[in-house]
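One structure below.
The values are calculated or read from the model by the stated rules, or taken from the named source; none is laboratory data. This one's a predicted model, so the numbers in the text were calculated from it and none came from an experiment. With ideal geometry, Cβ positions are generated from the backbone for all residues, glycine too; neighbour counts draw on all protein chains shown.
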Amino acid sequence: MPSFWDQITRLFRAAEASSPRQPVVHEVIVRTDGERADYGRWKESLVMRRLLNWLADQYAVFNLSPDNIDEAVDFLKTPSSQGFVVHFHKTNYTAREAIHFFDYLCERVCTRNYKLQLSDVKVYNRQHWVERLEQHYLKPRPKLNEAGKALQQFGNVLIALEFRNDRPHQLRFKATTYHDHNYLPPDDFRQLMQVALE
């Protein structure tokens, strides 16, 4: 077993060798029993309800008057991808609350017959900060219709939470759909937003 100092030395060497594409750390996300218990309490909190209501309100504003949304959120709408970005650095939410929201979105998407394909965390040594990127990547469970075409639901869903120097910077939620003859047209993204913000 390597000594403590060998481990520290290896970590510093990895940090020096890291690049925008090569993380210092790359691990699977594992929540402790304490974190899971705290998450359960957060789901019953007013803070959680306030965050979901605010995002639902902003999505309604975006659909009616896109120029009038709050500066702490942006929405994505292209032919192949839809989603949103919450700029946590422009809010008063804590790292704990951002992580719980990140996990909550994953939990909600899984209620729609999605499977969690990958949950990982990467740490990068950037020029002016240390970036930690936690990601949940979800895919719809395979299901074909009578004609043999795949039901894609909302496509693949990526939820990414970025920290800079341990402070929550932004959360990205993006559904990317397929547009070829093997798939049925995707479901309306507004349905996914309703599921995510329940």
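Residues in the range 120-129: is at least one assigned to a strand (DSSP E or B), free of Cβ contacts under 8 Å to residues at least 60 places away in the same chain, over 19 Å from S81 (Cα atoms) and over 20 Å from the mean Cα position of the chain (by Cα)? No: zero hits.
Pull up the range 100-116, narrow it to residues that are farther than 19 Å from D74 by Cα and aliphatic (A, V, I, L, M), then point me to the one that is surrounded by the fewest Cβ atoms within 10 Å (Cβ to Cβ).
Kept after step one, since they are farther than 19 Å from D74 by Cα, are these residues of the range 100-116: 100, 103-104, 106-116.
Going one step further and asking which of them are aliphatic (A, V, I, L, M), we end up with 109, 116.
Working: V109: 24, L116: 15.
Checked the range 100-116; the qualifying residue surrounded by the fewest Cβ atoms within 10 Å (Cβ to Cβ) is L116.
Mind listing whichever residues of the range 174-190 are surrounded by 13 or more Cβ atoms within 10 Å (Cβ to Cβ) and either among the acidic types (D, E) or under 22 Å from Q135 (Cα atoms) (or both)? Listed by number, the residues that qualify are K174, A175, T176, T177, Y178, D187, F189. Scanning the range 134-151 finds one or more residues that are among the polar types (S, T, N, Q) and part of a strand (DSSP E or B).
Take E44 and tell me if it is surrounded by fewer than 12 Cβ atoms within 10 Å (Cβ to Cβ) and in contact with a helix residue (DSSP H, G or I) (Cβ under 8 Å, 6 or more places away or on another chain). Spell out how you get there, then give the answer.
Values: surrounded by fewer than 12 Cβ atoms within 10 Å (Cβ to Cβ): yes; in contact with a helix residue (DSSP H, G or I) (Cβ under 8 Å, 6 or more places away or on another chain): no.
So E44 does not fit the description; no.
Cβ-Cβ distances below 7 Å connect the following pairs, each with a first residue in the range 149-161 that is more than 21 Å from E97 (Cβ to Cβ) and buried (at least 18 other Cβ atoms within 10 Å of the Cβ), a second residue that is among the hydrophobic types (A, V, I, L, M, F, W, C) and modelled with pLDDT under 95, and a separation of six or more residues or different chains: Q152/L184.
Looking at D70, is it crowded, with 17+ Cβ neighbours inside 10 Å and either modelled with pLDDT of 95 or more or touching an Asp or Glu at 6+ places or on another chain (Cβ under 6 Å) (or both)?
Considered against the rule, which asks whether it is crowded, with 17+ Cβ neighbours inside 10 Å and either modelled with pLDDT of 95 or more or touching an Asp or Glu at 6+ places or on another chain (Cβ under 6 Å) (or both), D70 comes out as no.
Looking only at residues in the range 162-198 that are charged (D, E, K, R) and not in a loop (DSSP other than H, G, I, E, B), the one that is nearest to N53 (Cα to Cα) is R190.
Out of all the residues in the range 73-82, which are crowded, with 20+ Cβ neighbours inside 10 Å and either on the phi > 0 side of the Ramachandran plot or free of Cβ contacts under 8 Å to residues at least 24 places away in the same chain (or both)? Selection gives V73 alone.
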